[in-house]
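The values are calculated or read from the model by the stated rules, or taken from the named source; none is laboratory data. Just so you know, these numbers come straight off a predicted model, no measurement behind them. Glycine also receives a Cβ, built like all others from the backbone with ideal geometry; neighbour counts cover every protein chain displayed. The protein model used for the area step is the full one, side chains on, heavy atoms only, and it has no ligands, DNA or RNA in it. Shrake-Rupley method; radii C 1.70, N 1.55, O 1.52, S 1.80 Å.
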Amino acid sequence: MQLDWNKNQTDLHDHYKAFGLESVALRAKELATLNQFDHESWIKLCQSGLFELIVPEKYGGKGSNWWDFTAALEGLASGCGDGGFLLSVISQAGFIRGLNLLGSPFQMEKYFPRLLKGELTATAIAELHTGSDLSSLRTWAQAEGNNWLLVGEKWNIAHAPTASTCLVVGRIPELGKRDLTLFLVDRNHSGFSSGPPDEKLGNRTLPTSWLKFENVQLKAEDILGDPGDGMKALFPILALQRIYYGWMTSRLLLPVLQDVLCFLEPRSSFKEPLLKHQHVQRKLVDTLIDLENSRWTGIGALHQLLTGKPTAAMQSSIAKLTGVKTCLKGSRDLLTLLGSNGYQASKASYLIKDALGFLTVGGTEEMHRISIFNQFMRNR
């Protein structure tokens, strides 16, 4: 189990932290106001080689490993100050993991070069009537000769307005009980449509919207993995994203914490420096403890996932809940330490809006608690 970054990983961490500070963070508030994706930073990020770390050399990548990528991602999260942009990177990483594990040579040859150039992808699971409950999805496909016709709608999908390719979770009812299947749908497919970007409270640089599939004609080569094997195939994608949702969103607190310290250091109250007040120290220390808990929970969960441990599903949900709660509680506590300044336009007030959205990304708290309980009983 990896317990620390090596020299190369430390360099990656520091390089992408600087990238986050110098590119993403400078544009985040303006683009959030405009409800726009930071396409300029995204292209720069792709050109920097971040995603090359997890793409095989054969298809234009560096064929590195997930720990190298994770070190770089932790650096980016520690500097970018934008939850929406960070969620975009995590979503793209999940798609790449799915293509690595399940993609045919044809699919890898088709998609990897496009992703390295900056094309966005979407993973389309949730539907309006059921959210992300896989057992209740209604999007389905029926055979038409050697092809498939995909019908259905998806809701609240990241990158829906702009993604060039979508990984769509649907059903093939004729397969029987095990019918969940993963479909690769390109935007240029006839019958594919999407809505305009949603107006959201936070994560406004992450474009979300609905998707509709009206008899979209797909071929066998457009199925990722085997037909009917979607539940098993989806797990390593979702588990990775859940770990990152928790671990990496908690790192967004670091620049806020630095701002709070700079604000508190020169100030006094009741004839004592604010930093000597136990109430202030407690909130700062609680934030630091929660940050460490989130980080080490994420490291442990990623180790279990990458080594195929049977408890990986449970640990990925624990990592997700631990991290997003750290981000929400920490941003709230740090905001209160800023007093009225925190309630104004500040890094803390910006983050707390994003943090509220993290609670439901990748599944609600209730869904994860049910999953943790079921996994615990099964593993017991």
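Just a few scattered comments:
- Each residue of the stretch 239-251 was assigned a 3J(HN,Hα) from its phi angle through the Karplus curve 6.51 cos²θ - 1.76 cosθ + 1.60 (θ = phi - 60°); the sequence is 4, 4, 4, 5, 4, 5, 4, x, 4, 7, 5, 5, 5 Hz, with glycine and proline shown as x.
- Cleavage-rule hits (trypsin sites (Lys or Arg not before Pro)) in the stretch 230-302: DSSP loop, at most 13 neighbouring Cβ within 10 angstrom: 267, 271
- Counting only heavy atoms of the protein chains and using a 1.4 Å probe, residue 1 has close to 120 Å² of accessible surface.
- Cross-link table 62/329; 58/232; 276/329; 7/62; 17/309; 232/329, entries beyond 29 Å C-alpha to C-alpha: 62/329; 17/309; 232/329
- Applying a DSSP loop filter and a limit of 15 other Cβ atoms within 10 Å to the trypsin sites (Lys or Arg not before Pro) in the stretch 17-83 leaves 62.
- Square roots of five times the Cα gyration tensor eigenvalues for the stretch 172-294, Å: 50, 19, 10
- Value of D in µm² per second that Stokes-Einstein yields for the stretch 153-220, Kirkwood Rh from Cα pairs, at 4 °C (1.567 mPa s): 99
- Remark on residue 155: its backbone amide H falls under 5 Å from those of 126, 127, 128, 211, a criterion applied only to residues 5 or more positions apart or on other chains, H modelled at 1.01 Å from N.
- Using equal-weight Cα scatterers in the Debye expression, the normalised intensity of the stretch 85-177 in log10 at q = 0.10, 0.21, 0.23 Å⁻¹ is -0.30, -1.18, -1.28.
- Per-residue ³J(HN,Hα) for the stretch 214-228, Karplus 6.51 cos²θ - 1.76 cosθ + 1.60, θ = phi - 60°, Hz, x for Gly and Pro: 10, 6, 6, 7, 10, 9, 4, 6, 8, 9, 8, x, 9, x, x
- Computed from the alpha carbon positions, the gyration tensor of the stretch 28-69 leads to an equivalent ellipsoid with semi-axes of 28, 10, 7 Å, biggest first.
- The stretch 1-126: C-alpha gyration tensor shape, a/c 1.5 cut-off, then a/b vs b/c: oblate
- Normalising the Debye intensity of the chain to I(0), with uniform scatterers on Cα atoms only, and taking log10 at q = 0.06, 0.13, 0.14 Å⁻¹ returns -0.23, -1.06, -1.22.
- Judged by the ratio a/c of the largest to the smallest principal axis of the C-alpha gyration tensor, the stretch 61-127 counts as oblate, that ratio being 1.5 or greater while a/b is no larger than b/c.
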